[in-house]
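Engineer: Okay, handing you the structure first.
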Amino acid sequence: MAAQAPSAGEKCVFCDIVNQRSPAWVVFEDASTMAFLDIFPFTRGHLLVIPKRHGARLTDLPFEDQMALIRSLDEVCRRVERLTSDYNVALNAGAKAGQIVFHVHFHVIPRYGESNPFRATSRAPLTEPEARALIAELSAP
Ligand code: 5GP
Ligand code: ZN
């Protein structure tokens, strides 16, 4: 399904990924959703699950897209359980809640016993070898 475009003049990095104008390390995709590695991961295997249709927040999406997103979130959580049984699922809605990319997304953040990663002041970018290893672990159904 083609993504609905953001409003005129608004650039959206996640729509660019959906439309293959920007690269991403994709672990899962179906007709209306995608999941890919976060480029500045909080922890190893940090993933983002998005609808292909553009909407800034969950409540902007039609019900069918919300349901498809939850189904994909479930699939992604199952895959993350290959890495660890412990993870956070988060959705930031609005700038004051920490939303930076205004295309709705769930974060799935594996936890390995590290101290609170959300307090990190800097996050190292995802490296290609790490991304390749994670794709090998997570992209198979
Ligand atoms: P937010 O704060 O909006 O909930 O989170 C946005 C997330 O998107 C951040 O964790 C950030 O690292 C990630 N991100 C921003 N731009 C890109 C991009 O171009 N590609 C990928 N894979 N992740 C991105
Ligand atoms: Zn978008």
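Engineer: Could we say that Val89 is in contact with a strand residue (DSSP E or B) (Cβ under 6 Å, 6 or more places away or on another chain) and surrounded by 20 or more Cβ atoms within 10 Å (Cβ to Cβ) here?
Structural biologist: no
Engineer: Can you go through Val104, Val108 and tell me which one is within 24 Å of Cys15 (Cβ to Cβ), touching a helix residue (DSSP H, G or I) at 6+ places or on another chain (Cβ under 9 Å) and in a loop (DSSP other than H, G, I, E, B)?
Structural biologist: Residue meeting the stated conditions: Val104.
Engineer: Can you tell me how many residues in the stretch 93-126 are farther than 17 Å from His54 by Cα, of a type in the set (Val, Ile, Thr) and loosely packed, with under 10 Cβ neighbours inside 10 Å?
Structural biologist: Residues in the stretch 93-126 being farther than 17 Å from His54 by Cα, of a type in the set (Val, Ile, Thr) and loosely packed, with under 10 Cβ neighbours inside 10 Å: 1 in total.
Engineer: When you look at Arg71, is it assigned to a helix (DSSP H, G or I) and surrounded by 17 or more Cβ atoms within 10 Å (Cβ to Cβ), yes or no?
Structural biologist: no
Engineer: Which residues, taken from the stretch 43-64, are more than 15 Å from ligand 1 (Cβ to nearest atom) and either among the hydrophobic types (A, V, I, L, M, F, W, C) or open to solvent by less than 10 Å² (accessible area, probe 1.4 Å) (or both)?
Structural biologist: Leu61, Phe63
Engineer: Can you run down the residue pairs with Cβ atoms below 7 Å, 6 or more apart or on separate chains, where the first is in the stretch 78-96 and under 17 Å from Pro41 (Cα atoms) and the partner is in a helix (DSSP H, G or I) and open to solvent by 50 Å² or more (accessible area, probe 1.4 Å)?
Structural biologist: Short answer, once both residue conditions are applied: Leu83/Glu137; Leu91/Leu58.
Engineer: Mind checking which pairs have a first residue in the stretch 127-141 that is in contact (Cβ under 8 Å) with a residue 24 or more places away in the chain and a second that is part of a helix (DSSP H, G or I), Cβ under 7 Å, 6 or more apart or different chains?
Structural biologist: Leu138/Arg79
Engineer: Looking at Ser122, Ser85, Ser115, which one is modelled with pLDDT of 95 or more, at negative phi, out of contact with any Ser or Thr (no Cβ under 6 Å at 6 or more places or on another chain) and assigned to a loop (DSSP other than H, G, I, E, B)?
Structural biologist: Ser85
Engineer: Which of (1) within 16 Å of ligand 2 (Cβ to nearest atom); (2) touching an Asp or Glu at 6+ places or on another chain (Cβ under 6 Å) is the odd one out, the single condition His46 does not satisfy?
Structural biologist: The single condition His46 does not satisfy is (1).
The values are calculated or read from the model by the stated rules, or taken from the named source; none is laboratory data. Everything numeric in this text was worked out from a predicted model, so none of it was measured. FYI the Cβ positions are ideal-geometry reconstructions off the backbone, even for glycines, and counts take in every protein chain you see. Heavy atoms of the whole protein, side chains included, go into the accessibility calculation; ligands, DNA and RNA do not. Shrake-Rupley method; radii C 1.70, N 1.55, O 1.52, S 1.80 Å.
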